[in-house]
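Please treat every number below as a calculation from the coordinates, not as lab data. This is a predicted model, so every value here is computed, not measured. Because the Cβ atoms are built from the backbone with ideal geometry, glycine has one as well, and the counts that use them run over all protein chains shown.
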Amino acid sequence: MTEPVPLRPGSWAGLKVLVLAPMPTEPLDYGNRKRGYFVCADLKARGAEVHYVHYASEGDWRRNPPLQANRVMQECWDALYTVPVTKPLHMPPADGGRYHSIDEWWDPAIGDMLHWLFSTQSFDVLLVNYTWLSKALEFAPRATLKVLDTHDRFAGRRELLEENGLAPEFFYTTEDQEKIALDRADVVWAIKRHEEEYFRTLTSRRLVTVPYLETIRPLNRSVPPNGILRFGIVGARNNVNLTNIRSFLQVARHYVERTLLPMEIHIAGSCCEDLKHDPLPPFVKLIGRVPVMADFYREVDVVLAPMTFSTGLKIKVGEALNLGKALIAHAHAYEGYEPTHDFHHLPDFEACMWACKQVVANPERIVELERASVVASLASARTVADSLDSTIERYWQLEPGACVVLDVAELRTGSLVFDHACDVARYLGWQGPVHFVLGGAWDGTADVDAIYRLGQIGEPVLLPGLHASHAAKLGPALQRPNIRCRSFAELAAEGHAALWFAGAPPAGEAVPRRLAMPAFISFEAFTQARPAADFAAVVQNLAQAMERLHVLSRDDHPAVSAARRNAKVEHLRVPMLFKGHQAYAIWALERARRDGVLVLADEADDPLLALVREQAGLYGVGEMDLLVAATAKPAPRLPGIRLRDHGSYFRDVWNHATAPAVVVDISSGANHAALIETFARSGLPTIRLFTGMARARATQVQEQTEAGGTFASVQLLRRALQDTGTLQQAARRRVASFEQANDPGWAIIWSVMGEYRQARHVT
């Protein structure tokens, strides 16, 4: 593993990059292997941590994996994972079609590996090589930057080969299918400018050009043994290379025979295995495979790049430039590099031979060409640096979306505020990205389960106060060592759709005036940590900052009525949870056996507690549990009543698999609104007593779940303890009522959020 690198926002330093590629990075005997190696090496040089996932698809690795090469790769990268091939490779289009579909060569084994990696680790960037493996980008969490290194254009490849008399080979697809691959990425890398321009016609994703680049290391030339200059060609064994080389040698034969030009052409690479059967002119020498390509380049005076058609970038051209070799190239072969000499972009093979003649007649021009190659290589280095900077700039940006504001103290399993935040984020996540904006004071503890849930739904972002005090430790605890920091003003400037306050705004993080941003706040979530009486004042302050503030509550509490008097406040009658499918508290209640009585009260010294305790004792109820408001004042313990911790209650229910058989609510209702909704959703029988007025709805009167006066309350409590069956039936009907009455309010929220996104140009 690499040593920790200090974080510098806007750079690759300290980021964890997962690279998926169908080629190894050892041995470096093919262009795509060199491309993969030098890209990863560059990222490591910039301070990134590189984890390499090798889909062992190339022939030598499928049949007999070279162990020494594998050991070298393990030493190169911070981690190496090998994915076995589990399906036939490099097959023609399925069902006799003319083109491959973009995922036709996808192997489910890759998906299994990625699913495991993203489930057990956090990665900042996923870099996928080749469009035909682009499905891998769908396995990355939303917070991970998804980069596609195309290497080549595959739409139009079949037509290109057929136009030049070659049968279709390898992978070829259509523009519609290639667009699918490009749209899966956040950033698309084209290997040359011409392909970047083409890709722009297919996708709106960020596009940059990343040409091939090695470390610039000019080579010394050996002296020609017989004084005749040596011109070198490098080519792998494929039909495109062979067709181009044969066409060039035909032109070269006629040119040399006509001019008696004293020169030698040395050809290296696996293409020699086919060329050795051709009737070659005497000035052509086949070198064959070369273990170290630098040795071949050292033994030639000038490198030739004779190609009139192909796809992708010519790695052999990049090699020559980076080694400072004199280069003569056809214009097509040089595409993707900056020409710095007239001999870099010649129109045809005749012109290439004319350039060879000029060099033979004036050998001093070799030095001129070598200098031009170094200048061109430096230009490529600048392009690569700019493109990598542009790529990682996208990582540090927050994709405009919905921002769920959460006090870090609520980032714990069993918190109803956290359940609310997760439920909202899941719901809004269908419209676009969701960011969890964390503030407040952190106590240094990390709830692994809660952090995992948060990371699966959205991206954590720290408000400045929390970032300044705890980023160094909180970031790793959140499994985001490179955690972003944003103020409320910066979030508004980035164009996010809305702020959603899950509970009260975090302490110590002032919301600036005239924030020009819409917002939402739930009364039920608010009262989990703050008194209901504070709600109106907090809403008033938020309304002064926001362009529109939506107050959400299931019932029309007096505190809500006071809050909505502001003209900028709109009240939506919506329960705290959408479906409750993301609520840990409901999971805990639904799996638990039912036993005992739980009492809800505003304060632990409520005089009515003694009356409830006495009546319950008459029906054999032992010690009762008590939950008071989170802001309740300390009080002495009452006999027969066990005060439960508000913050850990639902974790205790989960751990002991026991929930109350009956909930008795003697509170005002406002400070326990979230608890009451949670119990109702889970089908837990609940009765409300001592409400002080006959305000029960007709259905509640029929179901006998609420009573106002003292006598009626005692009678209702007795009936509930005596006959829980009737109460359970009423509880089940209340669960069904949530399903019927829940959607309309949340549908309004969906519509409002859609309008906000459109107004703020959030996609």
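Couple of notes before you dig in:
- On the basis of the beta-carbon distance and an R0 of 35 Å, residue 562 and residue 724 show a calculated FRET efficiency of 0.40.
- Relative contact order (percent, whole number), region 293-451, Cα cutoff 8 Å, 6+ residue spacing: 18
- Computed extension length for residue 74-residue 45: 8.8 nm, one decimal, from 0.36 nm per residue of separation with the Cα-Cα distance subtracted.
- Per-residue Cβ neighbour rank within 10 angstrom, fewest leading, 106, 500, 132: 106, 132, 500
- Positive-end residue of 531, 74, 24, charge dipole of the chain with Cβ unit charges: 531
- Gyration tensor (alpha-carbon) shape descriptor, region 230-380, a/c threshold 1.5: rounded
- The distance from the alpha carbon centre of region 217-263 to that of region 407-433 is 66 Å, rounded to a whole number.
- Cα gyration tensor shape for region 603-682, rounded if a/c is under 1.5, else prolate or oblate: rounded
- The residues 54, 646, when put in order of fewest to most other Cβ atoms within 10 Å, stand as 646, 54.
- Extension gain for residue 104 to residue 166 (0.36 nm times residue separation, less C-alpha to C-alpha distance): 20.1 nm.
- For the chain, the spread of Cα positions along the three principal axes, ordered from largest to smallest, is 121, 51, 44 Å.
- Contact order for region 230-380, expressed relative to its length and based on alpha carbon pairs under 8 Å spaced 6+ residues apart, stands at 23 percent.
- Relative contact order, percent, the chain [alpha-carbon distance under 8 Å, six or more residues apart]: 8
- Separation of the residue 441 and residue 138 label points, Cα + 7 Å toward Cβ, nm: 4.8
- Förster radius 60 Å - calculated FRET efficiency between residue 254 and residue 489, Cβ distance, rounded to 0.05: 0.25
- Counted by neighbouring Cβ atoms within 10 Å, the residues 570, 677, 524 run from fewest to most as 570, 677, 524.
- In terms of its alpha-carbon gyration tensor, region 584-722 comes out rounded; the largest-to-smallest axis ratio a/c stays below the 1.5 threshold.
- Between region 299-314 and region 134-199, the Cα center-to-center distance that results, in Å: 23
- Candidates 521, 504, 604 compared by Cα position along the dipole of the chain: farthest toward the positive end lies 604, with charges placed on Cβ.
- Where labels lie 7 Å past Cα in the beta-carbon direction, separation of residue 608 and residue 472 in nm: 5.2
- Stretchable slack from residue 82 to residue 223, in nm (0.36 nm times residue separation minus alpha-carbon distance): 46.3 nm
- Three principal axis lengths of region 402-573 [C-alpha, angstrom, descending]: 43, 33, 31
- Debye intensity ratio in log₁₀ form over the Cα atoms of region 16-209, taken at each q of 0.08, 0.12, 0.17, 0.18 Å⁻¹: -0.25, -0.59, -1.22, -1.37
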